[in-house]
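Quick note: the coordinates plus some simple rules give every number you see, no bench work behind them. Model, not experiment: these values are computed from the prediction. Ideal geometry is used to build each Cβ from the backbone, glycine not excepted, and the neighbour counts take in all protein chains shown.
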Amino acid sequence: MELEKFVKILCLKQESCENMAELRVEIDTLDERIVEILALRKSYMDQAARIKKSRDQIRDSERVKDVIEKVSKHAKKTGVDPELITNLYNTMIEWSINYEFGEFDKINEIRRDTN
């Protein structure tokens, strides 16, 4: 996606800031959108915990590798340091896996209790 379109979608106002106050407002707005996008991503982890039938399905090393490769490639394409993206995603994916284990266990405990 072109950066200009993304700026509009994210409701950012300035493509070129004139001072630090404007810049900080834009960064704060961008940070809010990033958190909202991460909340959406987390909602998919909730769904994954519900859909998966076994704890063994939660940690999928091939999927992790695939995601890291895709985001690293996209980072290069968009001019972002792939090392930054790889580090962020490794942390986020590990958190997601741990979160999903917890949610999976809660869901399956409730299922056991209702049967």
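How much length is gained if the chain between residue 88 and residue 7 is pulled fully straight, taking 0.36 nm per residue apart and subtracting their Cα-Cα distance, in nm to one decimal?
Working it through step by step, the gained length comes to 27.0 nm.
Would you report the distance distribution of C-alpha pairs in segment 52-115 as whole percents per 5 angstrom bin, up to the bin with the largest distance?
Going from the shortest bin to the longest, the percentages are 4, 17, 21, 17, 13, 10, 8, 5, 3, 2, 0.
Based on alpha-carbon centroids, what's the gap between segment 5-31 and segment 58-105 in Å, whole number please?
26 Å
Only Cα pairs under 8 Å and at least 6 apart count here; give the relative contact order of the chain as a rounded whole percent.
RCO, the chain: 25 percent.
Trypsin sites (Lys or Arg not before Pro), restricted to segment 14-115: which are DSSP loop and have at most 11 other Cβ atoms within 10 Å?
53
Over all directions, how big on average is the projection of the convex hull of the alpha-carbon atoms in the chain, in square nanometres?
9.1 nm²
How much mean residue ellipticity at 222 nm does the chain get from its helices, if each DSSP H run of length 4 or more adds -39500 (n - 2.57) and you divide by all residues, to the nearest 500 deg cm²/dmol?
Calculated at 222 nm, the ellipticity per residue is -27500 deg cm²/dmol.
Residues of segment 61-78 with the amide nitrogen closer than 17 Å to a label point 7 Å from the Cα of residue 44, along Cα-to-Cβ, please.
Label zone hits: 61-75.
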